[in-house]
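To keep things clear, I will list the structure first and then write my remarks on it.
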Amino acid sequence: MENIKNSDLKPIGSKLLSWYRINARDLPFRQTKDPYKIWICEIVFQQTRINQGLNHYNNFIARFPDVKTLAEADENEVLLYWKGLGYYSRAINVHKASQQIMNDYHGIFPHEYEEILKLKGVGKYTAAAVSSICFNGKIPAVDGNFYRVLSRIFADDFDISNSRAFNYFSELAHLILPDNVGDFNQAMMDLGSEICKPKNPLCGECPLNNDCLAFSLNKVSEFPVKAKKTKAKDLELKYYFVHRNGQFLIQQRKDDFIWKKLFEFVPEISDKLVAFIVGVKTVSHKLTHKNLSIEIYNVEVDSEEIWQSFIAENNFIITNVMDSHERSFPKPLENYIQNYDAAYRIL
Ligand code: SF4
């Protein structure tokens, strides 16, 4: 970076802005500067493609149109409206942060980057995006798009999996930052997803192709550089789908190891129930950094007395297929419930 620090690179940022003024995607959340909506949208679309998440975002905003409504809502309802987006811990954080805004900021969304950063679950990227788009903040919202575009423009081989990558690319972004940082951040988002895509970037249509070193060297495919690959860990889980006459037992997860606050089947059964196991199904499921192998035992309790004593001895929630739709389950368990047929047997 040292060799480019003294160059005037601001025209790159200005070119990007000119391109954005004509080519900005027409997205619903672009019509607003309401920090609440921009914040929710940034959280929703962090791991979800725009077209996949748009309905969820619209439904969420329709039900929780402002900080107050969200803060006053029941957490399980918030989780329910997050259904389909995954990463449920984000929904929990969003809910907690809305209460923080009500309690610590009198219900007014904080304006300053440092204050936004104090909200539960808000990282540097989101704080920069909200402060720049809504309050004219001057901090680049550095994410994977920034890493990719900047490493290509400068043919920079800094390892994007390095823990210092965020600071490094933030510094690089400052070199091209125009005055209107809010639009610049959104322009980088659009350029990264529409033109400078991870695979097969459309360099011929790129507004920055005259400035792009990787393009001029014909080395676009070599950037960004990512050295380290975290190997996903294998993890085995066991569940018991304990059911009788269309009712089955569940509980809400407490530990935050995975699937925090989601509902799950019975994780352990007593010896008395072992005799009622009529089958087992193994399902695989991938999470970030984890490969799950889940054994789900079908426990069809054929005795009212044993069913009642198991319920009495434990603290499980009794539910059925209809009622379970009102709760959020991890995807593999939700699929299992869907396969629980009208005769209350596993297909
Ligand atoms: S010229 Fe190609 S590689 Fe360079 S910034 Fe544009 S799209 Fe990305």
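Considering (1) crowded, with 17+ Cβ neighbours inside 10 Å; (2) closer than 22 Å to F263 by Cα; (3) out of contact with any helix residue (DSSP H, G or I) (no Cβ under 6 Å at 6 or more places or on another chain), say which one L70 fails and leave the rest.
Failed condition: (3).
Answer yes or no: is there a residue in the range 189-199 that is assigned to a helix (DSSP H, G or I) and surrounded by fewer than 18 Cβ atoms within 10 Å (Cβ to Cβ).
yes
When you scan the range 130-153, how many residues do you find that are at pLDDT 95 or above and within 13 Å of the ligand (Cβ to nearest atom)?
8
S151 passes all but one of (1) closer than 28 Å to N55 by Cβ; (2) in contact with a Pro (Cβ under 9 Å, 6 or more places away or on another chain); (3) open to solvent by less than 10 Å² (accessible area, probe 1.4 Å); which number fails?
(1)
If I filter the range 201-209 for residues that are more than 14 Å from the ligand (Cβ to nearest atom) and either more than 23 Å from I22 (Cα to Cα) or out of contact with any Lys or Arg (no Cβ under 7 Å at 6 or more places or on another chain) (or both), do I get at least one hit? Outline the logic, then answer.
Step one: list which residues in the range 201-209 are more than 14 Å from the ligand (Cβ to nearest atom), which gives none.
Checked against the condition, which is being more than 14 Å from the ligand (Cβ to nearest atom) and either more than 23 Å from I22 (Cα to Cα) or out of contact with any Lys or Arg (no Cβ under 7 Å at 6 or more places or on another chain) (or both), the range 201-209 yields no hits at all.
Is it fair to say L175 is open to solvent by less than 40 Å² (accessible area, probe 1.4 Å) and more than 10 Å from the ligand (Cβ to nearest atom)? Explain how you work it out, then say what you get.
On the way: open to solvent by less than 40 Å² (accessible area, probe 1.4 Å): yes; more than 10 Å from the ligand (Cβ to nearest atom): yes.
Spelling it out, L175 is indeed open to solvent by less than 40 Å² (accessible area, probe 1.4 Å) and more than 10 Å from the ligand (Cβ to nearest atom).
Name the one entry in L9, L54 that is within 21 Å of the chain's Cα centre (by Cα) and under 30 Å from S151 (Cβ atoms).
Values: L9 fails: within 21 Å of the chain's Cα centre (by Cα).
Every option except L54 fails the conditions.
Where in the range 213-317 are the strands (runs of 3 or more DSSP E), entirely inside, with at least 1 residues that are open to solvent by 50 Å² or more (accessible area, probe 1.4 Å), within 16 Å of the ligand (Cβ to nearest atom) and over 23 Å from P330 (Cβ atoms)? Don't jump to the end; show me each part of the working.
Values: elements: 233-244, 247-252, 277-287, 290-300.
So the answer is none; nothing clears 1.
Does at least one position in the range 22-32 carry a residue that is among the acidic types (D, E), closer than 27 Å to D255 by Cβ and out of contact with any His (no Cβ under 9 Å at 6 or more places or on another chain)?
We begin by selecting, within the range 22-32, every residue among the acidic types (D, E); these are 26.
Checking which are closer than 27 Å to D255 by Cβ leaves us with none.
No, the range 22-32 contains no residue that is among the acidic types (D, E), closer than 27 Å to D255 by Cβ and out of contact with any His (no Cβ under 9 Å at 6 or more places or on another chain).
If the Cβ limit is 7 Å and pairs must be 6+ apart or interchain, which residue in the range 194-212 that is in contact (Cβ under 8 Å) with a residue 12 or more places away in the chain and in the same structural domain as W19 (by TED's automatic domain parsing) pairs with which residue that is β-branched (V, I, T) and within 6 Å of the ligand (Cβ to nearest atom)?
If the second residue must be β-branched (V, I, T) and within 6 Å of the ligand (Cβ to nearest atom), the pairs left are C196/V149; P201/I195; P201/V220; C203/V220; C206/I195; L208/I153; D211/I153; C212/I153.
The values are calculated or read from the model by the stated rules, or taken from the named source; none is laboratory data. Bear in mind the structure is a predicted one, so any value in this text is a computation, not a measurement. Here Cβ is always computed from backbone atoms with ideal geometry, including for glycine, and neighbour counts include all displayed protein chains. Just so you know, the surface numbers come from the protein's heavy atoms only, side chains and all, with ligands and any DNA or RNA stripped out. Shrake-Rupley method; radii C 1.70, N 1.55, O 1.52, S 1.80 Å.
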